[in-house]
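Working notes, beginning with the structure itself.
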Number of protein chains: 2
Amino acid sequence: MVNTFGTIQFKEMPSIASTGVVVGPMEKDSPFAASFDEILPLENEKDETYEQANTRFIEKACAVTIQKGHEQMENIDVFIGGDLINQLSPTNFAARQLAIPFLGVFSACASSMESIILGSLLLESGNAKSILAGASSHHPTVERQFRYPLEYGGQKPGTAQWTVTAAGFALLQKHAKNAPIITHATIGRVIDGGQKNPLHMGAAMAPAARDTIERHLKNTNSRMADYDLIMTGDLGKIGLSILKEMFQDEDSGVILQDAGAQFYGEDSFFNAGASGAGCSAAVFFSHIYKQLKNGVFNRVLLVATGALLSPLTFQQGETIPCIAHAIECRMEKRG
Amino acid sequence: MVNTFGTIQFKEMPSIASTGVVVGPMEKDSPFAASFDEILPLENEKDETYEQANTRFIEKACAVTIQKGHEQMENIDVFIGGDLINQLSPTNFAARQLAIPFLGVFSACASSMESIILGSLLLESGNAKSILAGASSHHPTVERQFRYPLEYGGQKPGTAQWTVTAAGFALLQKHAKNAPIITHATIGRVIDGGQKNPLHMGAAMAPAARDTIERHLKNTNSRMADYDLIMTGDLGKIGLSILKEMFQDEDSGVILQDAGAQFYGEDSFFNAGASGAGCSAAVFFSHIYKQLKNGVFNRVLLVATGALLSPLTFQQGETIPCIAHAIECRMEKRG
């Protein structure tokens, strides 16, 4: 199927054979915690840089994913991933260790879904049997690079979000009846609503989420009510309320949710909620994946959202361009 | 075809319908200059940041590519690109302007070929008719981020390479008889030879180039002598000589060349030659593309090479992980 509006229809409908999600210690009180695979220390006792810690999370999430999928690393055809650190250093170093063909992607916090889309295309083409795809973020590493080192003790406004420490990966394989499958994807466009405040990213990203959801619904000839869940990545509580207003004519009700808004529950310490490339990856590949696998959900749209700003473009007075990539997952009803 | 060693066989063999290459003023004396489309000023007369200048190069190269392909931007399904700047800011801002679905990639100076591989997969899947894919680099922007602002007047050793100011893009469309086609690609693995010197990247990248070329030849059951040209991206003069030593048992002769080694001719001002994501993009999409189109070459292997270091990982004492992505292009002989 050819579609000029960025929506891909996967004829082979690859399956998500297994997933692996590892998080940091701050994430253990998340409402989603029961679905996470492991909690790792933020820093190792050994001499470890923050970037190396981020790499350790990626490697562990990949190992868990492979193990749960009863696979061996040498059977994985391609590793696809991204993170928030300049030049994708943590993912590059993990790829060096994995030693399999690697594709680095960057869509900021939407990188998880870009990875899944590309992995599905590789499977669809018949050129691969097993793909390992996902994304990660590591709180102190991201804060030091984009804002301030944590040791500065900077204060944040209520619109700010807390970068999740998590790595979430998925093993993609050919279509299977007993696993969630990927039927469609919509590639994001870069949308800029003119926002300039890097401590209010939900407001910046909401228009990109809207654009992708609208295009996906239109291109698949669907309505919101056709889905059990449409979940964005990390708009946070405020961003989600903005998005809900944008869709007020639709019967969005409880269908439209946000991983970042729910990630840390109602604890006001985390301000408007969670963010980070690991946020959507952790929730989609743990709780949502299990709900699909258990048949609680039959059809969901997962929309990872990314703010494509840099500390430099902010200083240069630029607005914040954003993007959102979506995948549609289904679980066949059991007979 | 399924292949566990990272080589993709494109059944549909998409074509490179047109290309666009714009370069900066330092590049006008390149032996390849006659094949470049336009020479743009490094900075605009208007108030423009370096990052905005990089964006301007990307936008111009895309516009030229579309124009030469007799296409309209609204007919392009997906834009795929990458650059060397943190968070891919120049490419993100270009994507905002183009307003079509966008996939950001990062393989450092190998990003051009990662873009082409993903674009070919999208075409292969039948989900797209026209893809715009490529990469860019802008000398002063890259130097300020990775090394020092040019105004510092830093000296460099003879092993150093000069970051090219160039943006090179290609319009990928379905198989056509009168245009170069993409038959195979090999996705790179992250290879780290233990090099630590960021001013001797050719030595760091040569093992990654070797790995990709060896896998490609093995997986396609080919020998070097089967190609009219195997050209790496930006190993430079020294890196190329290292690579040639690695292949001394093969009859590499004049077949094995490097875009960066030839880019600035024999001018010692440029030390070991050219580098940058725009280096391979500019040469592959201008001179090499024309040689294919004119039937001078019938079968070439283009191997973009990338050093995945960051200023931070260098400071942290890490070695330089590298990657190389390859595409095989052919031009059907005319009857």
- Message: I'd like the residue in segment B:157-179 that is under 21 Å from B:Cys62 (Cα atoms) and polar (S, T, N, Q) and, out of all such residues, is surrounded by the most Cβ atoms within 10 Å (Cβ to Cβ).
- Response: B:Thr165
- Do you know which of the residues in segment A:122-141 that are more than 7 Å from every other protein chain (Cβ to nearest Cβ) and hydroxyl-bearing (Ser, Thr, Tyr) is farthest from the chain's Cα centre (by Cα)? A:Ser130
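Search segment A:278-298 for residues being hydroxyl-bearing (Ser, Thr, Tyr) and within 22 Å of A:Leu121 (Cα to Cα), and hand back the single one that is farthest from the other protein chains (Cβ to nearest Cβ).
That would be A:Tyr289.
With over 16 Å from the mean Cα position of the chain (by Cα) and more than 14 Å from chain B (Cβ to nearest Cβ) as the only criterion, which of A:Thr159, A:Thr165 stands out?
Numbers: A:Thr165 fails: over 16 Å from the mean Cα position of the chain (by Cα).
It is A:Thr159.
Go through segment B:82-107 and report how many residues are more than 7 Å from chain A (Cβ to nearest Cβ) and of a type in the set (A, V, I, L, M, F, W, C).
So the first thing to find is which residues in segment B:82-107 are more than 7 Å from chain A (Cβ to nearest Cβ), and the list is B:82-85, B:90-91, B:94, B:97-98.
Subsequent filtering for residues that are of a type in the set (A, V, I, L, M, F, W, C) retains B:84-85, B:94, B:98.
Residues in segment B:82-107 being more than 7 Å from chain A (Cβ to nearest Cβ) and of a type in the set (A, V, I, L, M, F, W, C): 4 in total.
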- Note on the structure: A careful count of residues in segment B:235-253 that are under 18 Å from B:Cys322 (Cα atoms) and not in a helix (DSSP H, G or I) gives 1
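Considering only residues that are in a loop (DSSP other than H, G, I, E, B) and either surrounded by 24 or more Cβ atoms within 10 Å (Cβ to Cβ) or of a type in the set (A, V, I, L, M) (or both), which ones fall in segment A:291-309?
Within segment A:291-309, the subset in a loop (DSSP other than H, G, I, E, B) is A:294-298, A:308-309.
Scanning segment A:291-309 gives A:Val296, A:Leu308, A:Leu309.
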- Item | All positions within segment A:102-127 that are closer than 24 Å to B:Cys109 by Cβ and charged (D, E, K, R) | A:Glu114
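With segment B:68-157 as the region, which helices (runs of 4 or more DSSP H) entirely inside it contain at least 2 residues that are closer than 26 Å to B:Thr183 by Cα? Spell out the reasoning first.
Values: elements: B:89-98, B:111-124, B:139-146.
Helices (runs of 4 or more DSSP H) meeting the threshold: B:111-124.
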- Message: Any residue that is at pLDDT 95 or above, on the phi > 0 side of the Ramachandran plot and touching a His at 6+ places or on another chain (Cβ under 8 Å) - is there at least one of those in segment A:12-19?
- Response: yes
- Task: Run down B:Val78, B:Val64 and say which single residue is in contact (Cβ under 8 Å) with a residue 40 or more places away in the chain, over 15 Å from B:His139 (Cα atoms), within 14 Å of another protein chain (Cβ to nearest Cβ) and aliphatic (A, V, I, L, M).
- Result: B:Val78
- Query: Any idea which of B:Glu27, B:Glu114, B:Glu38, B:Glu71 is touching a residue at least 60 places away in the same chain (Cβ under 8 Å), more than 14 Å from every other protein chain (Cβ to nearest Cβ) and either among the polar types (S, T, N, Q) or in contact with a strand residue (DSSP E or B) (Cβ under 7 Å, 6 or more places away or on another chain) (or both)?
  - Reply: B:Glu27
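Only one of B:Leu301, B:Leu308, B:Leu312 is within 14 Å of chain A (Cβ to nearest Cβ) and in contact (Cβ under 8 Å) with a residue 40 or more places away in the chain. Can you tell me which?
Values: B:Leu301 fails: within 14 Å of chain A (Cβ to nearest Cβ); B:Leu312 fails: in contact (Cβ under 8 Å) with a residue 40 or more places away in the chain.
Testing whether each residue is within 14 Å of chain A (Cβ to nearest Cβ) and in contact (Cβ under 8 Å) with a residue 40 or more places away in the chain leaves just B:Leu308.
Does B:Gly317 qualify as being farther than 15 Å from B:Ser111 by Cβ and within 14 Å of another protein chain (Cβ to nearest Cβ)?
Details: farther than 15 Å from B:Ser111 by Cβ: yes; within 14 Å of another protein chain (Cβ to nearest Cβ): yes.
For B:Gly317, the condition - farther than 15 Å from B:Ser111 by Cβ and within 14 Å of another protein chain (Cβ to nearest Cβ) - is met.
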- Note on the structure: Sole miss for B:Pro207 among (1) within 30 Å of B:Glu245 (Cβ to Cβ); (2) away from chain A (no Cβ under 14 Å) is condition (2)
- Which numbered condition B:Ser280 fails, given (1) part of a loop (DSSP other than H, G, I, E, B); (2) buried (at least 17 other Cβ atoms within 10 Å of the Cβ): (1)
- Do we find that B:Gly119 is free of Cβ contacts under 8 Å to residues at least 12 places away in the same chain and more than 9 Å from chain A (Cβ to nearest Cβ) in this structure? no
- Item | segment B:28-50: number of residues that are of a type in the set (Ser, Thr, Tyr) and touching a His at 6+ places or on another chain (Cβ under 7 Å) | 2
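This table checks each residue for (1) surrounded by fewer than 24 Cβ atoms within 10 Å (Cβ to Cβ); (2) touching a Leu at 6+ places or on another chain (Cβ under 7 Å); (3) of a type outside the set (A, V, I, L, M).
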| position | (1), (2), (3) |
| --- | --- |
| A:Asn54 | no, no, yes |
| A:Ile58 | no, no, no |
| A:Lys68 | yes, no, yes |
| A:Glu71 | yes, yes, yes |
| A:Glu74 | yes, no, yes |
| A:Val78 | no, yes, no |
| A:Asp83 | no, no, yes |
| A:Thr91 | no, no, yes |
| A:Gly104 | no, yes, yes |
- Query: Across segment A:25-67, what is the total count of residues that are more than 12 Å from A:Ser286 (Cβ to Cβ) and either in a loop (DSSP other than H, G, I, E, B) or polar (S, T, N, Q) (or both)?
  - Reply: 14
- Message: Among the residues of segment A:115-131, are any farther than 26 Å from A:Thr232 by Cβ, out of contact with any helix residue (DSSP H, G or I) (no Cβ under 9 Å at 6 or more places or on another chain) and at pLDDT 95 or above?
- Response: no
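The values are calculated or read from the model by the stated rules, or taken from the named source; none is laboratory data. Given the structure is predicted, the values throughout are model-derived calculations rather than measurements. Don't worry about glycine lacking a Cβ; one is built from the backbone with ideal geometry, like all the others, and counts go over all protein chains shown.
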